[in-house]
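The values are calculated or read from the model by the stated rules, or taken from the named source; none is laboratory data. In this text, all values refer to a predicted model and were calculated from it rather than measured experimentally. Because the Cβ atoms are built from the backbone with ideal geometry, glycine has one as well, and the counts that use them run over all protein chains shown.
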Amino acid sequence: MDAPHLTSKTLRVVCALMATLVCTVALVRPADAQLVPNSAAAAPGTTQPIAGQFDPSQGSTTQPQRRPRRDNPVISIQEMVRLENQAASQLRGIGLVTGLRGTGDSGSEVVVARPLAQVYANNGNPIGDIRALAKAKSVAMVSIWCEIPESGGRSGDRFDVFVRVLHSSTSLRGGQLEISPMMGPLPGQGVFAFASGPIVIEDTEIPTVGRIRGGVQLIEDIRMLPLGSTFDLFLRPHYRSYSVARMIAAEINGLTTDLEQGYEAAAQVAFAIDDTAIRVTIPDRERSNPNSFIASILTKRFSPTLIDLPAQVVVNERTGTIIVTGDVEISAVTVGSDRLVVTTVTPPRTPSPQDPMVERQNWTHFGSTGTNADRARIEDLLDAFKQLNVPVREQIQIFAQINQSGRLHAQFITE
């Protein structure tokens, strides 16, 4: 006689997270996402032995492969700062989008009919009475803008331009921007570029906004002001702290000592002004070629382990992702939710090809951990989410509530 079948039971979960959990850099992703860890790919036509199996070519049992690590990871100063004379520039303008299929502005609007009549006149076909355009629905008045990167631009360079309707147009799909001048952000700055081209709708839910790839061409140089003998380096927002500013100043002073080869080695050419800026004075011997000295500073490399940034937990509920830096600690806390359930089956099922055992998890490791004890604590945290099959947005809520309780020892950032 078969043994009686025990039905599944659902338990209210009380998940105790271990005290002082030290988390490595981890990425939360949906359960059905695919992620291939960093590993060497097999050459075409060859196979790699599975860890723990006998390899005839080696005559021994293979060992589990580990992900390759960079022994000396490096970062350069230019990735963390910008020069004081570098800043993005905005260009703006107003134009007409033509070729719309009945989704444009009403031609009875004077603010639309007047520039449309001017387009006809500029092309040798003047319209005496703009009321003749009253039934036009194939044209839309739009606002156009683009951003020139902080490095500036030269005449002839092309950049993307963004387009947005200004009046009653319901969609820009299939439209093309007529040649339109683009000016600086302040009145009276003049024309710096012209924009034109077919519009691409990137978000189908918002057809009144689009982009033209390479739709702006500069006709004037947009250049940054030259640097003086003393200039400032501004830390990018994610690196701003007193410790990072002090560290970069020390690295620049060390570089200067190397360049001078002991000459005036005691001179300090860089110091941290505050948590956002480092002031640098070009040495006298380098002022004949300041560009070389600046390039040497910006390309100075060092280990990112020297960067003492605050621990962070960055979450994005819209995309369902969580980034946890490697120095986050969580004090002892207990989490319970009526949405989280554990289902047990007694006796456990035996996996088979027809009824396989499927395991899903929302965490994957990036980087490495320190001691074996650290890894054990991390596994406790990851196993808790894995075993409970906690949805990503539930995980974000859990982190938010732990932060509100004061048990999350990190900056909690919501994007």
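Condition test on Phe192, is it over 30 Å from Val280 (Cβ atoms), touching a strand residue (DSSP E or B) at 6+ places or on another chain (Cβ under 7 Å) and in contact (Cβ under 8 Å) with a residue 12 or more places away in the chain? Walk me through it before giving the result.
Working: over 30 Å from Val280 (Cβ atoms): yes; touching a strand residue (DSSP E or B) at 6+ places or on another chain (Cβ under 7 Å): yes; in contact (Cβ under 8 Å) with a residue 12 or more places away in the chain: yes.
Yes.
Does any residue in the stretch 286-297 that is under 14 Å from Thr230 (Cα atoms) come within less than 9 Å, Cβ to Cβ, of a residue that is aromatic (Phe, Trp, Tyr) and part of a helix (DSSP H, G or I) six or more places away or on a different chain, and which pairs are these?
From residues that are under 14 Å from Thr230 (Cα atoms), the pairs are Glu286/Phe293; Arg287/Phe293.
Quick check: anything in the stretch 316-338 at pLDDT 85 or above and either crowded, with 17+ Cβ neighbours inside 10 Å or not assigned by TED's automatic domain parsing to the domain that holds Val269 (or both)? Explain how you work it out, then say what you get.
Pass one, the stretch 316-338, residues at pLDDT 85 or above: 316.
Subsequent filtering for residues that are either crowded, with 17+ Cβ neighbours inside 10 Å or not assigned by TED's automatic domain parsing to the domain that holds Val269 (or both) retains 316.
Within the stretch 316-338, one or more residues are at pLDDT 85 or above and either crowded, with 17+ Cβ neighbours inside 10 Å or not assigned by TED's automatic domain parsing to the domain that holds Val269 (or both).
Could you check Pro226 against (1) assigned to a loop (DSSP other than H, G, I, E, B); (2) surrounded by 14 or more Cβ atoms within 10 Å (Cβ to Cβ) and say which number it fails?
(2)
Take the residues in the stretch 89-111 that are small (Gly, Ala, Ser), surrounded by 14 or more Cβ atoms within 10 Å (Cβ to Cβ) and more than 26 Å from Leu218 (Cβ to Cβ), then tell me which one is modelled with the lowest pLDDT. If you could, list the steps in order and put the result at the bottom.
Within the stretch 89-111, the first condition is being small (Gly, Ala, Ser), and the residues that meet it are 89, 93, 95, 99, 102, 104, 106-108.
Still in the list and also surrounded by 14 or more Cβ atoms within 10 Å (Cβ to Cβ): 89, 93, 95, 99, 104, 106-107.
Remaining after also requiring more than 26 Å from Leu218 (Cβ to Cβ): 104, 106-107.
On the way: Gly104: 84, Ser106: 76, Gly107: 68.
My answer is Gly107.
Where in the stretch 146-200 are the strands (runs of 3 or more DSSP E), entirely inside, with at least 1 residues that are among the small types (Gly, Ala, Ser)? Write out each step before concluding.
On the way: elements: 158-165, 176-183, 191-198.
Filter on the stretch 146-200 gives 176-183, 191-198.
Arg114 - would you say it is touching a helix residue (DSSP H, G or I) at 6+ places or on another chain (Cβ under 9 Å), more than 30 Å from Glu84 (Cβ to Cβ) and surrounded by fewer than 16 Cβ atoms within 10 Å (Cβ to Cβ)?
Details: touching a helix residue (DSSP H, G or I) at 6+ places or on another chain (Cβ under 9 Å): yes; more than 30 Å from Glu84 (Cβ to Cβ): yes; surrounded by fewer than 16 Cβ atoms within 10 Å (Cβ to Cβ): yes.
Considered against the rule, which asks whether it is touching a helix residue (DSSP H, G or I) at 6+ places or on another chain (Cβ under 9 Å), more than 30 Å from Glu84 (Cβ to Cβ) and surrounded by fewer than 16 Cβ atoms within 10 Å (Cβ to Cβ), Arg114 comes out as yes.
List the residue pairs whose Cβ atoms are under 7 Å apart, where the first residue sits in the stretch 134-153 and is free of Cβ contacts under 8 Å to residues at least 12 places away in the same chain, the second is surrounded by fewer than 14 Cβ atoms within 10 Å (Cβ to Cβ) and assigned to a strand (DSSP E or B), and the two are 6 or more positions apart or on different chains.
none
Looking at the stretch 119-127, can you tell me whether even one residue there is over 30 Å from Arg236 (Cα atoms) and touching a strand residue (DSSP E or B) at 6+ places or on another chain (Cβ under 7 Å)?
Here is the first cut: in the stretch 119-127, the residues over 30 Å from Arg236 (Cα atoms) are 119-127.
Checking which are touching a strand residue (DSSP E or B) at 6+ places or on another chain (Cβ under 7 Å) leaves us with 119.
Yes - at least one qualifying residue is present in the stretch 119-127.
State yes or no: is Thr343 at pLDDT below 80, among the hydroxyl-bearing types (Ser, Thr, Tyr) and either part of a strand (DSSP E or B) or touching a Ser or Thr at 6+ places or on another chain (Cβ under 6 Å) (or both)?
Details: at pLDDT below 80: yes; among the hydroxyl-bearing types (Ser, Thr, Tyr): yes; either part of a strand (DSSP E or B) or touching a Ser or Thr at 6+ places or on another chain (Cβ under 6 Å) (or both): yes.
It is true that Thr343 is at pLDDT below 80, among the hydroxyl-bearing types (Ser, Thr, Tyr) and either part of a strand (DSSP E or B) or touching a Ser or Thr at 6+ places or on another chain (Cβ under 6 Å) (or both).
Going through Ser138, Ser196 one at a time, which residue ends up being surrounded by 15 or more Cβ atoms within 10 Å (Cβ to Cβ), out of contact with any Ser or Thr (no Cβ under 6 Å at 6 or more places or on another chain), under 14 Å from Leu218 (Cα atoms) and not hydrophobic (A, V, I, L, M, F, W, C)? Explain how you work it out, then say what you get.
On the way: Ser138 fails: under 14 Å from Leu218 (Cα atoms).
The match here is Ser196.
Is it the case that the stretch 117-127 has a residue that's assigned to a strand (DSSP E or B) and not assigned by TED's automatic domain parsing to the domain that holds Phe234?
Here is the first cut: in the stretch 117-127, the residues assigned to a strand (DSSP E or B) are none.
No.
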